[in-house]
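Participant: Handing you a structure now.
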Amino acid sequence: MSKYMRAVLIGVVVGFLVAFGLGALYAATGIRGSNMPTLSGLGAFAITTYLLANLAGNRSGPSATADQRAKALAAQPPAGKALLYLYREGFVAKLAGMNVSIDGRVVAQLKSPRFTCITVAPGTHRIAAGLGGLAGPQNKSSELSVEIAPDSVVALRMTMQMGMLQGSVAIAPQTDLAPVLRTLAGMTMISPDIAEI
C-alpha cells in the first residue's frame, strides 16, 4: 500500500466518524437541514489526510544501545578518525523525520529532539538534510560541506526555520562542544544506519 494511501484511508474513516457523529447529535437535538456535519466531516478528512501525509516519510530508526550512547557522549574519536554529531532541535515540524546523509549516503532519520553520532574519515564531507513524506516538497532541504580534521569532534545542529511561503532546514556547525554534549545528554540517541564513513 502506498504510504500516502494509508493517510487517505485514515482520513476517510475520521471524516466519516465526524460527519456521522455530528449528524447523530444534530438529529438528537432536533436540528434539521444543516450542512455542518458534512462540512465538518470533509474538514476532518482534509486535515487528517494532510497531517498524516506529512508524516508518511517517517521511518522507525532504532534507538542506540546504552553502550553506543555512552561511547558517543564520551567524545573520544578513534585514532586517526573523527566523530561527527548530528542533532536536531526545535519545535517546528518536530514529528516529521529529517533524513540526514553524508556524502550521499543516508545515515539516520532524526525527529526533534534526537541525535546520532558517526565515525568519519578526515577530509571534506558533504552533509545534507531534508524532510521526508509530503513535508519534503514543502520545505527546502539543506547541504553543507564540512572539513573534518583527524582526531577531532564536530557537531552540527539541525533545525527547521519557518519562511513566508516555505520552511527550510538549517545546518549550523557548533564551535563549543561542552554545551553541545550537555544538550545531547538529555536527548534520545538514534543508532546510525552506517556506523562509519
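No value in this document is a laboratory result; all are computed from the given coordinates. Just so we're clear, the structure is a prediction, and the values are computed from it rather than from any experiment. FYI the Cβ positions are ideal-geometry reconstructions off the backbone, even for glycines, and counts take in every protein chain you see.
Participant: Most exposed first by the Cβ proxy, i.e. fewest other Cβ within 10 Å, how do Phe45, Phe16 rank?
Facilitator: So the ranking, lowest neighbour count to highest, is Phe16, Phe45.
Participant: Rg and Dmax of segment 68-111, using alpha carbons, in Å: what are they?
Facilitator: For segment 68-111, the Cα-based Rg and Dmax read 12.9, 38 Å.
Participant: Mind checking the dipole of the chain: about its Cα centre, +1 per Lys or Arg Cβ, -1 per Asp or Glu Cβ, Debye to the nearest 20?
Facilitator: Working: 16 positive and 9 negative charges, 106 e Å.
Once rounded to the nearest 20, the dipole reads 520 debye.
Participant: Subtract the Cα-Cα distance of Thr175 and Thr38 from 0.36 nm times their separation in residues, and report this length gain in nm to one decimal.
Facilitator: 43.8 nm
Participant: Same structure again: How big is the equivalent ellipsoid of segment 26-113 along its three axes, where each semi-axis is √(5λ) from the Cα gyration tensor, reported in whole Å from largest to smallest?
Facilitator: 48, 14, 9
Participant: I've got another one for you. In percent, how large is the relative contact order of the chain, given Cα pairs closer than 8 Å and 6 or more residues apart? Intermediate values should be presented prior to the final figure.
Facilitator: On the way: 396 pairs, mean separation 43.5, N = 197.
That works out to 22 percent.
Participant: Explain nothing, just compute: Karplus ³J(HN,Hα) = 6.51 cos²θ - 1.76 cosθ + 1.60, θ = phi - 60°, for every residue of segment 101-115 in order, whole Hz, x for Gly and Pro.
Facilitator: Once rounded to whole Hz, the list reads 10, 10, 6, x, 10, 5, 10, 5, 10, 10, 9, 9, x, 8, 8.
Participant: Something else about it: Please compute the modelled spin-label separation between Arg182 and Thr29, points set 7 Å along Cα→Cβ, answer in nm with one decimal.
Facilitator: With each label placed 7 Å out from Cα toward Cβ, I get 5.3 nm.
Participant: Given the alpha-carbon gyration tensor of segment 91-197, what are the semi-axes of its equivalent ellipsoid in whole angstrom, ordered largest first, with each equal to the square root of 5 times an eigenvalue?
Facilitator: Ellipsoid semi-axes (Å, largest first): 22, 16, 13.
Participant: OK, next. So, with +1 on the Cβ of K and R and -1 on the Cβ of D and E, and no other charges, what is the size of the charge dipole of segment 27-110 about its Cα centre, to the nearest 20 debye?
Facilitator: That gives segment 27-110 a dipole magnitude of about 60 debye.
Participant: Still on this structure: Compute the Rg/Rh shape ratio of segment 32-175: radius of gyration over Kirkwood radius, all on alpha-carbon atoms.
Facilitator: We get a ratio of 1.13 for segment 32-175.
Participant: Tilt of helix 3-29 relative to the longest C-alpha principal axis of the chain, in degrees (0 to 90, nearest 10)?
Facilitator: 40 degrees
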